[in-house]
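So the structure is just underneath, and the comments pick up after that.
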Amino acid sequence: MKGFGKKVMALFLGTCLLFGAACSNGEAEPAGNGGGNTSAAGSPGGAGTSGNAGTSAGNGGGGQGMGRFVETEYSLPDGVEYMMDLRLLEDGTLRMAAIGTNPLMLYSSKDEGKSWEPVEISMEQLGVDKTMIQSARWSPSGQLFIIYMNQDEVMAGNMKTYCLLFDQKGTGKELTIDLPPLSSGSGNSNRISDVHFAPDGGLYIVDVNQTIYQIDLESGKILKNYANPDTVVETFAVIGKNLLVKTEDGVEFYDLETGKSLARQEALNEYIKAFDSRHPSAADVSTGVSDYVYTAGKDGNDLYFCDETGLYHYTLDGSVVEQVIDGGLNSLSSTTLKVRGLIRSGEEGFLIFGTENSKAKLIAFNFDSSVPTLPGTELTVYALEDNTSLRQAIRMYQHDNPDVYVTLEIGMSGDDGVTAADAIRTLNTNLMAGKGPDVLILDGMTIGNYVEKGMLTDLSDVIGEVSSADGLFENLVNAYQSDGKVMAVPVCVMLPMILGNADGLGSVTDLKTLTAYVESLRQKNPDAPGICGTETVDGLLRWMYGISSAAWLKDGNILDEAALNEFFDCLKRISEAEKSQIPAGNESIITSGGGNLYLSYNMDLFSYLGGDSLICAGQMDSFQVFAVLETFRSQGDAYQSLNGQTAGVFQPMLTVGVNAKGDQSETAKGFVKYLLGKDFQSNENLGGLPVNRAAFDAGKKNPFPSDLTPSMSSMGASGELKDLEIQWPSENSFAELQKRMESVNIPADSNQVIREAVEAEAKNLLEGGSVADAVQNVIKKVNLYLSEQ
Amino acid sequence: MKRFRIRRGQRAGILFVLPSLLGVAWFLLLPFLDVVARSFLGAVNGEWVGISNYQTIFSNEAFRLAAGNTVKFAVVCIPLLIVISLLISVGLTHFGRKLGFLKSAFLLPMAIPVASVALIWRLLFHSQGIVNGLMEQLGGNPVDWMNSPAAFWVLVLTYLWKNVGYDVILWMAGLSAIPYSIYEAAEVDGAGSWKCFTKITLPNLKPTLYTITVLSFLNSFKVFREAYLVGGAYPHDSMYLMQHLFNNWYRDLSMDKMAAAAVVVAVVIFLVMLCFQRIWARED
């Protein structure tokens, strides 16, 4: 019996140990975690989010549910450029107030925004200059409330606002609202900043004193005020019988009747806090715009709001914020869409209005139960750092390919202390385990590793297709060609350029002559605030490294000591020429930070215009920068390609590769094809010059209206304000640019080990070290790295 | 023919050990077999390459440097650690209660987090750090500790500082297990301190010596953490260890070379352990 008991005990304990060791906490970490963050391009990261009504985020790649809000863009009447208000009236019609070709454009729709008819109001007899209209709002009953200013007063610096109220028949009258004077005592007039109508027709305004008032529509008298002297009202809305006020501390609710504040809505505020941390600029009340828009729900005590991650529902005193629409699947995640308003439409739909690329947009979201909750195909895209161009590409791609759900994984979010090395190790682990992303954005990584190890698929066929359709700059897209295969392709590029005085710039042909030129400029201009305009070692490295590093490796595996010596010597001499004007006691030009992945350095044209620098070195990354360079040239300056220790260098951006072991190889190639295609390459936020020839040709068109001349201004250290009216380049200029793009064929070196070694020694050098020591230290480190290969 | 029979008493033991054995097999043995397999395959394509990975690593300069440094480190540090910790433990045992607080003090370095050690290291051994400052005050010349062959000795010092307390405790446990009656008998026979130490203490500490040697050897690999935090992926040549190489090969996706090197290291460690065991068994 004793022996039997022992056996039972042994078996029992053994079983417990076995199950205890085998227990885990659920599914494996998604790719990218442990070294970064996984997010759908637009999916929520906030606290308190729960399952999605109508969506099932997280099923990814094979959602079982059916039904999703589908996006439809409605066309707007001709000439509408900016919508001020959209309102669903009590009678079910939709009213719009906009500005565009006319300063005030009013429309009505009986089919939820699909078509519009103009609405006329009698304004002429009021003698109001329509161009001074600041805001127009429709009431639920069809009245129109307008805020305007007086032009003469504005010219005199008086920003006082005046109000008009139009009835349902379009007859208007002045409505005088006597606001208290400004609490700042500045002498300026108080004015209305924003206005909303409540569902019951009540009018609520907020003034510059940050006080919200209820106004009697008949008399214009103040009926109530909701003042909190310690807060700045970023935005407010009427939600049923409550007032929602968004301040820097979050969202508060007040009972409209009593004026008392309701209990703090923790779940909602948690979410908004997460949003605010992602978008600090949204809280910049000086812009008058908040990125959050709110609308009341059906029940009167619930609300909807949206941001780039989706549209959400919240019930007051609730504990969760529900995602209703996943922004990752539609235009909400667009980096260029600025949402101005949100209203409910029909039984379950929504209408969102705003602007995108300076054009008004009206987007309807209606639930379609026949559409899968999530697209059937999931594509994973990985990037070390977040990138707005990439997000825009994903959004555009998803819009054109609604059957694909793109998940963006970011290796380094910036919040979690993960370094690039950590993120790359995690990525490599996932790649080797077969769980890696389908598409890799190779910026910040040593591209050669992935190419040589066969981790990436050959993209020659994709390049061939796009080349046949649109034409590509072959020298750029084939920059990483190896053994007849192209494993990595830059989606856009930057060109190193230098701008300066026409007389002296001609002598600059390489790094040595550039250094001599910088020193001569300093000799001739001892009091100039700066020469290149880059005081920091990080800034100097960003444009010097890329144009020189390709010259350092001989036969691919031996460092050229002489070339390195020349580089550090030039770096030191240029920095000496720069810092001679730095005030005493502040001579160090070393700044903290560094470890940047990218070596892009936008040209500091403002510094050059303002006279704070005598030359401007950096990288040309857009046609707009090209236009500025051309304008400077037309005024007597000169610009040319910036050659360092190597000529013909360009900075590749958004270099993309497809995981050879990925599950969605064909879809991934389709995504790459989209990135190289004309549609994406033509968009304003590409982040570089396009490699697509058709997009390049399309970019020649002046994006500014003929009656608008863009300009830039800069006030330098001298205190003098300088302006530059920018002329769009001519066809000949574009032909020159095209030749320039066709002439470069050496991608800036992407080797992170060499760059980190050089960066570390550059800092030591500029803190007083010697060139010889810097060179030897780099050689030791890099030779060790090279000996590992 | 001998028949393998599991006796009654053995069955319960086997059942107790089985879960742990399964765990070790699943998480250690099987992955190691996978590594061995990968050492004969290409990095990513998985094609059979025979022994070319082994040929590659033995002709690789970085591997030879790292292996040499690792062996040098072990050969220098372990005897030093054993001797120093033994002397300290003998001293602590001899002085008894008077220096009892030192026992805890020697263990403190083990409790300090690696990141803190790296920070202390930087403060002390930076070119403008505390040590150079002291040296300058005493009339000496500053040394670039981290970028010169002195880096190796800094590594040795760190290892000794961190692990001496652990070994002291183990030695003291061994010392306390020696019956005092033997010393009394020796004293009666006229043996002095030195004779007692060499003829009684040391022979009785042999079991402890084996344990300490093995543990010290394994702990010598952990010094990579401090070395990496201070020196990065590419420190001075003198402190470039096998783990640095593995770390960098992993980043560069050189899994084939890594697997081959890992197998070589595992075999070497296994042989060293076998040697220790044979020596020990012979002593017994």
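Residue count for region A:298-344 satisfying the condition of being closer than 16 Å to A:GLU73 by Cα, β-branched (Val, Ile, Thr) and part of a loop (DSSP other than H, G, I, E, B): 1. When region A:153-198 is limited to residues that are open to solvent by 20 Å² or more (accessible area, probe 1.4 Å) and hydrophobic (A, V, I, L, M, F, W, C), the one that is nearest to A:VAL119 (Cα to Cα) turns out to be A:ILE177.
Scanning region A:751-769 for residues that are within 13 Å of chain B (Cβ to nearest Cβ) and over 26 Å from A:ASN449 (Cβ atoms) yields A:ASN764, A:GLU767, A:GLY768, A:GLY769.
Contact annotation: residue pairs with Cβ atoms under 9 Å, 6 or more positions apart or on different chains, pairing a residue in region B:50-64 that is more than 14 Å from A:LEU786 (Cα to Cα) and among the hydroxyl-bearing types (Ser, Thr, Tyr) with a partner that is open to solvent by 10 Å² or more (accessible area, probe 1.4 Å) and assigned to a loop (DSSP other than H, G, I, E, B), are B:SER52/B:PHE40; B:TYR54/B:PHE40.
Which ones in region B:23-56 are part of a loop (DSSP other than H, G, I, E, B) and away from chain A (no Cβ under 14 Å)? Correct list: B:SER39, B:PHE40, B:GLY50, B:ILE51. Those helices (runs of 4 or more DSSP H) of region A:432-484 in which at least 1 residues are open to solvent by 30 Å² or more (accessible area, probe 1.4 Å) and at pLDDT 90 or above, considering only elements entirely within it, cover A:460-469, A:474-477.
Of the residues examined, A:MET432 is one that is within 12 Å of chain B (Cβ to nearest Cβ), in contact with a helix residue (DSSP H, G or I) (Cβ under 9 Å, 6 or more places away or on another chain) and without any contact (Cβ under 8 Å) to a residue 12 or more places away in the chain. Of the residues making up region A:419-426, not a single one is within 26 Å of the chain's Cα centre (by Cα), more than 14 Å from chain B (Cβ to nearest Cβ) and in a loop (DSSP other than H, G, I, E, B). Answer with yes or no whether A:PRO140 is surrounded by 12 or more Cβ atoms within 10 Å (Cβ to Cβ), of a type outside the set (Ser, Thr, Tyr) and in contact (Cβ under 8 Å) with a residue 24 or more places away in the chain. In short, yes. For region A:770-789, a residue qualifies if it is more than 11 Å from every other protein chain (Cβ to nearest Cβ) and assigned to a loop (DSSP other than H, G, I, E, B), and exactly one does: A:SER770. Checking A:GLY100, A:GLY58 one by one, the residue that is at pLDDT below 85 and more than 22 Å from A:HIS196 (Cβ to Cβ) is A:GLY58 and no other. Among the residues of region A:141-197, those identified as among the hydroxyl-bearing types (Ser, Thr, Tyr) and farther than 23 Å from A:MET105 by Cα are A:THR176, A:SER183, A:SER184, A:SER186, A:SER189. Considering region A:659-686, and only residues there that are away from chain B (no Cβ under 14 Å) and outside any helix (DSSP H, G or I), the residue that is surrounded by the fewest Cβ atoms within 10 Å (Cβ to Cβ) turns out to be A:GLU684. The residue that is nearest to the other protein chains (Cβ to nearest Cβ), counting only those in region B:57-73 that are part of a helix (DSSP H, G or I) and open to solvent by less than 20 Å² (accessible area, probe 1.4 Å), is B:ALA62. Selection within region A:366-418: residues that are in contact with a Lys or Arg (Cβ under 8 Å, 6 or more places away or on another chain) and open to solvent by 10 Å² or more (accessible area, probe 1.4 Å). The member of this set that is modelled with the highest pLDDT is A:PHE367. A:SER730 falls short on exactly one of the conditions (1) closer than 30 Å to A:ASN557 by Cα; (2) of a type in the set (Ser, Thr, Tyr); (3) away from every other protein chain (no Cβ under 13 Å), and that condition is (1).
Among all positions in region A:520-537, there is no residue which is within 18 Å of A:GLN645 (Cα to Cα) and of a type in the set (A, V, I, L, M). Return yes or no: is A:ALA717 open to solvent by 50 Å² or more (accessible area, probe 1.4 Å), assigned to a loop (DSSP other than H, G, I, E, B), in contact (Cβ under 8 Å) with a residue 12 or more places away in the chain and small (Gly, Ala, Ser)? Answer is yes for this residue.
I'd like the residue in region A:93-134 that is of a type in the set (Ser, Thr, Tyr) and farther than 20 Å from A:ASP152 by Cβ and, out of all such residues, is least open to solvent (accessible area, probe 1.4 Å). Looking at residues that are of a type in the set (Ser, Thr, Tyr) and farther than 20 Å from A:ASP152 by Cβ, I get A:SER109. Here's a check for you: in region A:234-277, which residue that is in a loop (DSSP other than H, G, I, E, B) and within 25 Å of the chain's Cα centre (by Cα) is surrounded by the fewest Cβ atoms within 10 Å (Cβ to Cβ)? Here the answer is A:GLU248. Quick check on region A:72-83. Is at least one of its residues surrounded by fewer than 20 Cβ atoms within 10 Å (Cβ to Cβ), touching a Pro at 6+ places or on another chain (Cβ under 6 Å), away from chain B (no Cβ under 14 Å) and modelled with pLDDT of 85 or more? For region A:72-83, residues surrounded by fewer than 20 Cβ atoms within 10 Å (Cβ to Cβ), touching a Pro at 6+ places or on another chain (Cβ under 6 Å), away from chain B (no Cβ under 14 Å) and modelled with pLDDT of 85 or more: absent. Listed by first and then second residue, the pairs with beta-carbon distance under 6 Å, at least 6 apart or on different chains, first residue in region A:170-183 and farther than 25 Å from A:TYR226 by Cβ, second among the β-branched types (Val, Ile, Thr), are A:GLY170/A:ILE121. Could you list all residues from region A:736-769 that are open to solvent by less than 50 Å² (accessible area, probe 1.4 Å), assigned to a loop (DSSP other than H, G, I, E, B) and among the polar types (S, T, N, Q)? Of everything in region A:736-769, those that are open to solvent by less than 50 Å² (accessible area, probe 1.4 Å), assigned to a loop (DSSP other than H, G, I, E, B) and among the polar types (S, T, N, Q) turn out to be A:SER750, A:ASN751. Scanning region A:101-123 for residues that are polar (S, T, N, Q) and not in a strand (DSSP E or B) gives A:THR101, A:ASN102, A:SER115. Checking B:SER127, B:SER176 one by one, the residue that is among the hydroxyl-bearing types (Ser, Thr, Tyr) and either crowded, with 19+ Cβ neighbours inside 10 Å or farther than 30 Å from B:THR201 by Cα (or both) is B:SER127 and no other. Here region B:226-247 is the region considered, the condition is being in contact (Cβ under 8 Å) with a residue 24 or more places away in the chain and at the interface with chain A (Cβ under 8 Å from one of its Cβ atoms), and the residue that is farthest from A:GLU788 (Cα to Cα) is B:HIS236. The helices (runs of 4 or more DSSP H) found wholly in region B:180-252 and carrying at least 3 residues that are farther than 28 Å from A:ASN751 by Cβ occupy B:180-188, B:193-196, B:206-219. Considering every residue within region A:200-214, establish whether at least one is outside any loop (DSSP other than H, G, I, E, B), surrounded by fewer than 19 Cβ atoms within 10 Å (Cβ to Cβ) and of a type outside the set (Lys, Arg). No.
The values are calculated or read from the model by the stated rules, or taken from the named source; none is laboratory data. Predicted, not measured: the structure shown is a model, and the values here were computed from it. For neighbour counting, all protein chains shown are included, and Cβ atoms are generated from backbone atoms with ideal geometry for every residue, glycine included. Ligands, DNA and RNA are excluded from the accessible area calculation, which covers all protein heavy atoms including side chains. Shrake-Rupley method; radii C 1.70, N 1.55, O 1.52, S 1.80 Å.
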